[in-house]
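One structure is given here, and the rest of the page talks about it.
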Amino acid sequence: MLNCILNRVSEQENHYNLQEKTLYRTWLFQNFQQKRLKTVCGKPLSIIDPGKRNLFEGPDFKNAQLLIGDRLVTGDVEIHVHNSDWYAHQHQYDPVYNNVILHVVVENSGSETVDTQSGRRVPVFRLHVNADHNSTEPPCQNWAGFDITRGRNKLAEFADLRFRRKGQLIKKGIIEKSANLIFYQLICDGLGYSQNRGGFRLLAETLPLSKIYSILDQSDDGRQIITLETLLLGTAGFIEGPHSKYLRSEAKYFLGLKNNWKSLKCRYNLVSPELNWHFAGIRPANFPTRRLIALAQILAKFYPEEPAQLWINLLMTHSEIHPIQDWIRNYFQQPSGMWRNHPLLKNFRGNVLIGNRRMMDLVSNLFLPFGWAVASLRSDRVLLDRLMRLSRAVPAGEVPAAVSRWSVRIGLQKKFFTRNYLIQGAIELRHSFCDMELCKLCPLEEYEKYR
């Protein structure tokens, strides 16, 4: 449950409900009756060691030791609120969960076991949790100060952990699909932000880069951006249907795209699936319409080359962050066509396709982990080490509001986040401990400056 990542790299902030937090803490600290425990199938259960917190993808606890019946077993423990969540999250198809020895749940529909990908049956244990929970202010609220130097080193460890975890997830996607496809999906994923990531992800699946390039190969020279805008906005439902109201439909340019879309849709058998786009509460600069038009300009710069290959070539030939930043500015930030006064956009200001801070977040969370995944598949130790160093050199990106509040609580000033890896480390630490209210395990407590 807690470490289940469903096809997501650039994740939204997690919000665990009270029952999940209580269940997690209860198992970790063994705050329940230990006598006469039994699995759902009736076998006696003794918990020798609940296991260690798993911060990577996979089961929630690693290396637990249990006595089930008369057998001493060592392995992983997965925790869910509902027993059916095991199948809802498709753990039965994922070999990462083959070493699970116990499925801990609060609610069970009667099933005595769950199945692993290897065909083994895992016993289910229903944990009775005390739902009473009185939230108190976190201990760090009363810290007298914080050892910044040692704390920075600890956040760097969590940033590295986050970086490798994202790289491992991308590596899995490359193995299942292809590097070129995954990199294109990462670009779309990053442009979607948290509110519209789902729409961009489905768009990438509906309109793959190979199909886009095939259509561009047959289009007239000089019309690549217009063709790209037609394909992206049409597939996304902004040329026909209810979403068209978010564009300046009275412009002649829009009518030209509309006619172009009708022609391309018929000629190439294109579809426009029902995608959910969100505008409420989003700044105009982050509207999906603006991001799609930006994507058209980005892809026009790459065509006819494969973006993934160009990116890997860059990483293999440059060991410093500055030329990499210049490359990123050229491909992902500088407009190559109409932008500031684009005839389709409403209430729009801005000189670049993607802002600097947002771009640095994409580099840290998507593009460098992609390079790490490719280097890992190639067993290229030199490139792996280079990417870890580069991840420490990326300039600061956006500081999430939750991280900002957390940093103020422990006495850190905003200027502390001089590089993006410190922000990423803070995000990872919050997900791992603060969000789950596991203050007793917080690795920063030892760096408090006591009065």
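Things worth noting here:
- Relative exposure of CYS188, CYS266, CYS41, judged by other C-beta atoms within 10 Å (fewest first): CYS266, CYS41, CYS188
- Annotation: amide H of GLU398 within the under-5 Å range of ASP361, sequence separation 5 or more or interchain, hydrogens built in the peptide plane.
- Sequence-distant contacts, meaning Cα pairs under 8 Å at least 6 residues apart, place the relative contact order of the chain at 17 percent.
- Per-selection Rg to Rh, segment 239-385 - Cα, Kirkwood hydrodynamic radius: 1.03
- Its Kirkwood hydrodynamic radius, worked out from the mean inverse distance over all distinct Cα pairs, puts segment 18-126 at 13.8 Å.
- Nearest 10 degrees, 0 to 90: helix 368-378 Cα axis against the chain principal axis: 80
- Note on the chain: helix-only mean residue ellipticity at 222 nm, from DSSP H runs of 4+ residues weighted -39500 (n - 2.57) and normalised by residue number, equals -13500 deg cm²/dmol.
- In this Cβ point-charge picture (+1 for Lys and Arg, -1 for Asp and Glu), the chain has a dipole of about 860 debye about its Cα centre.
- For the pair segment 297-321 / segment 149-184, the C-alpha centres are spaced 19 Å from each other.
- Net charge contributed by nearby residues that have their C-beta within less than 14 Å of THR317 (K/R +1, D/E -1): -2
- Relative to the longest principal axis of the Cα atoms of the chain, helix 193-206 runs at roughly 70 degrees.
- Too-long pairs where the Cα-Cα distance tops 29 Å, listed order kept, from LYS62/LYS154; LYS171/LYS414; LYS301/LYS415; LYS211/LYS245; LYS154/LYS301; LYS265/LYS301: LYS171/LYS414; LYS301/LYS415; LYS154/LYS301
- For the chain, alpha-carbon Rg relative to the globular expectation (2.2 N^0.38 Å, N residues): 1.10
- Average Cα contact separation per residue, segment 214-336, under 8 Å, 6 or more apart, as relative contact order %: 26
- Here the Karplus relation 6.51 cos²θ - 1.76 cosθ + 1.60, evaluated at θ = phi - 60°, turns the backbone of segment 426-431 into coupling constants of 5, 4, 5, 5, 4, 4 Hz, with x for every Gly and Pro.
- The simple Förster model, with R0 at 56 Å and r as the Cβ-Cβ distance, assigns GLU320 and HIS128 a FRET efficiency of 0.50.
- Computing FRET efficiency as 1/(1 + (r/R0)^6) for LEU72 and LEU438, where r is the C-beta to C-beta distance and R0 is 30 Å, gives about 0.60.
- By other beta-carbon atoms within 10 Å, ranking TYR303, TYR253, TYR97, TYR268 with the fewest at the front produces TYR268, TYR253, TYR303, TYR97.
- Residues SER111, SER118 in ascending order of nearby Cβ atoms (within 10 Å, fewest first): SER118, SER111.
Since every read-out is calculated from the coordinates, none of them should be taken as a lab result. Here the structure is a predicted model, which is why all the values come from computation and not from measurement. Because the Cβ atoms are built from the backbone with ideal geometry, glycine has one as well, and the counts that use them run over all protein chains shown.
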